[in-house]
Amino acid sequence: MKKKRVLIVFYSFTQQTRLLVKQFMAGLEDKGVTVALQRLEPVKPYDFPFTNNMNLAWAMFQTFIRKRMEIQPFNPDDMSQWDCIVIAGPTWSYNPSGPVLTFLDTHGSTLCKGQRVLPLISCRSYWRIHYWTIKHELRNTGADVQPPIVFQHPTKEPWRIIGLILQLRGKMMRKEKSWFRKQYPRYGHSKEQVQKAFETGRTFAEKLLEY
C-alpha cells in the first residue's frame, strides 16, 4: 500500500499552535503517515511581547480587518502529491492570522486546488469566522475542506482574555500561589489538550488510511 502523505502548513505566534502541531504530527507518524512541515515566517513579525498598549491595540485592529502579513518564500518540494493539507494557526480577533491569510491568497489556488484540506485552529474561544474564512477562500479552488479540529484555551472568561493580554504584554504574573494564578493557572492550552492533539493525529491518520 502506498504511504499516505500529509503537508502541515502552520503559523504560531506564542507557540501554542506549534505545541499542538508537533503532537498532531507525532500522532500521524505513529500510524505510518509521512508528514512534511512548513512553518510560515513573517517578513516583519510583530514584537513579542508587545512593547506598549498602543502597539497591541493597533495589532488587534489590523487583525480584526484581516490585514495580511508578508511571509518568507514558501516552496514545498512537491506542489500536488498530498493526501491531505493541514492549515494550522491561531485565531486573531475572530479571523485567521495575517500569515495564514497571505498563504491562502498566494498559494490557495495552486497548492490546495482539488486537495483535501483540514483546518487546525488554536483559539481563546471564537473560531467559527476563522473556519468560515478558510472555507470561503478555498471554495473556488475545488478544495475539499474538512470540518476543523479546534482547541480552545480551557480557562473560563474573563480570565482567558485578561491572561491573553498580560501574556502579549509580557506581564504575566509568575507567582504560582497568587490569587490570580488560582483563577488562571496557565496561559494557553493544557497538558491534556497537547496529549489530545497526539491522539487526534492518530485518529485522523486511521481515517486517512481508509481513503
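Please treat every number below as a calculation from the coordinates, not as lab data. These figures come from a predicted structure and were not determined experimentally. FYI the Cβ positions are ideal-geometry reconstructions off the backbone, even for glycines, and counts take in every protein chain you see.
At a glance:
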{"quantity": "Computed [θ] at 222 nm, deg cm²/dmol, the chain (DSSP H ≥ 4; -39,500 (n - 2.57); rounded to nearest 500)", "calculated": "-13000 deg cm²/dmol"}
{"quantity": "For the chain, the fraction of alpha-carbon pairs in successive 5 Å shells from zero, as %", "calculated": "1, 7, 15, 19, 20, 16, 11, 7, 3, 1, 0, 0"}
{"quantity": "Full-extension gain in nm, Glu206 to Lys156, via 0.36 nm per residue minus C-alpha separation", "calculated": "14.7 nm"}
{"quantity": "Rg/Rh (Cα only; Kirkwood hydrodynamic radius) as it applies to segment 122-211", "calculated": "1.10"}
{"quantity": "Segments 10-18, 103-111 sorted - mean Cβ within 10 Å per residue, highest first", "calculated": "10-18, 103-111"}
